[in-house]
Amino acid sequence: MAKAKAPEWPRTVSFGIGKVRIAKRGNGFFALSWREMGETRRTTKTDERKALEWASTKVRELDASTGNQWIPPVDGEALKALQALAGDEPGAARRLLDDVRDARRWLDGAADLTTAARWFAENGPMKIQRTSVVAAVARFMAQYLRGSKETYRSFSNELKGLSKVAGNDALLLLDLTEPVLTAWTTRKVNEGKDVPSENTVDNRMTIWITFLNRCRDWELLPKNAKHAGELLRRPVIPDAGKAIFSIDQGRTLLEAARRHDVEKWKPRPLRPGQQLEAYLLIGGWLGLRPTEIQRLTWAAFDFEAAHPYCHVTPEVAQKNSSERYIPIDPRLSARLKGLFEASGKKKSARCCAHRCREYLSLLAREKGVCEEWPVDVLRHSFCSYRIAVVKSLEQVATEADNSPAILKSNYRRPLRHEDGIAWWDLLDPILADLPSRISQAAG
């Protein structure tokens, strides 16, 4: 039978970074040494068993003193699994444990965490936010198919563009965080060469806020929480006053629109120039929104009534505005009646061509009125000049389909009473020229 091999000395016992060296002395005792607090420490044990037990305990103390702790192997595996779930970020494991503790407290024994998580995934925000941006945008844009093509195009380019640039059709609503939307809405223009203006950034953010508001209405986002659009820091745009046309600019545009059909366009049932004039009159002297003007038909007018009105029906107003009746100045009624008769007296016909605003913008530039057509300039002009005449925010708010507060802050530019009178007096030359214009159209 082979004889057991005697242990070799000195020996080193280690755990983690803790180490204790054991040496056997000539007198049979065991000397132990280790490094602690930057110094070498020593002790002596009378037999081998005591020396090994003491060394095993000491190395764990040394390892723990550096931030490490000795734990049983099973608990060590659990700690590794926890760290893998939480991630490598400092303190992540502790935060995850805090979340679990809070979740158990909120459940108050009503259900275990697995059951609660399963319900949340099937019924809560985990499910609804799994909707892709592409799918949500498609549903949103379907509402604009029959509306303004300009609105559809601008909304579509902004909303669909993010998924295209990301190259990811699986981009989720959950992925639309405030940093993501900030980076997208402040992107450069002109093929990435120029920094966008404050107005451009603000318009982009408005589109995203409108979209995300609708997603929340559809319960694709949590009802009682802010979405990423509401966290955006919108640019501060100096208030330079609402852009309206001056009396001279209004006169120039009216005269240009009246001549345009005679000088540049061949006769039609309703000549393009006359359509431009109708758009100008309805926007600047009735205050309809651009989208409402595009949907308006001649059925909205009763020119034979003692007090003519423009009836903005629910079909014309649609979702974002209200049905209403707008009184018509007799001079405006006479001119619109002339355009209606020149069109062939078809009540179902639209008053204006779809791209009238674009054509008017080109005409305004050609006549030196403005380089770029200001946003809602006709509506702003109507509200400002109308308030100057009637002196009633409430009345004009009803006609323009806005609250008095919004009208005052967003649409009105303070003007004198005589300015308002002068704006409506621009209709006088139109009325005086009416008979010859109707004869030309009929011929």
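The values are calculated or read from the model by the stated rules, or taken from the named source; none is laboratory data. Just so you know, these numbers come straight off a predicted model, no measurement behind them. Cβ placement follows ideal geometry from the backbone for every residue including glycine, while neighbour counts extend to all protein chains displayed. The accessibility values were calculated without ligands, DNA or RNA, using every heavy atom of the protein model including side chains. Shrake-Rupley method; radii C 1.70, N 1.55, O 1.52, S 1.80 Å.
Observations
- For the stretch 339-346, the criterion of being modelled with pLDDT under 85 and open to solvent by 70 Å² or more (accessible area, probe 1.4 Å) is satisfied by at least one residue.
Residue by residue, here is whether (1) aromatic (Phe, Trp, Tyr); (2) under 17 Å from Ile282 (Cβ atoms); (3) under 27 Å from the mean Cα position of the chain (by Cα) holds:
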residue: Tyr325; (1), (2), (3): yes, yes, no
residue: Arg357; (1), (2), (3): no, yes, yes
residue: Tyr385; (1), (2), (3): yes, yes, no
residue: Leu393; (1), (2), (3): no, no, no
residue: Thr398; (1), (2), (3): no, no, no
residue: Glu418; (1), (2), (3): no, no, no
residue: Trp423; (1), (2), (3): yes, yes, no
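- Considering the stretch 167-199, and only residues there that are in contact with a strand residue (DSSP E or B) (Cβ under 7 Å, 6 or more places away or on another chain) and open to solvent by less than 50 Å² (accessible area, probe 1.4 Å), the residue that is nearest to Thr131 (Cα to Cα) turns out to be Leu172.
- Members of the stretch 393-417 found to be under 18 Å from Arg324 (Cα atoms), assigned to a helix (DSSP H, G or I) and among the hydroxyl-bearing types (Ser, Thr, Tyr), listed by number: Thr398
- Taking the stretch 216-324 as the region of interest, the helices (runs of 4 or more DSSP H) fully inside it that hold 1 or more residues being open to solvent by 40 Å² or more (accessible area, probe 1.4 Å) and at pLDDT 80 or above are 247-264, 290-295, 314-317.
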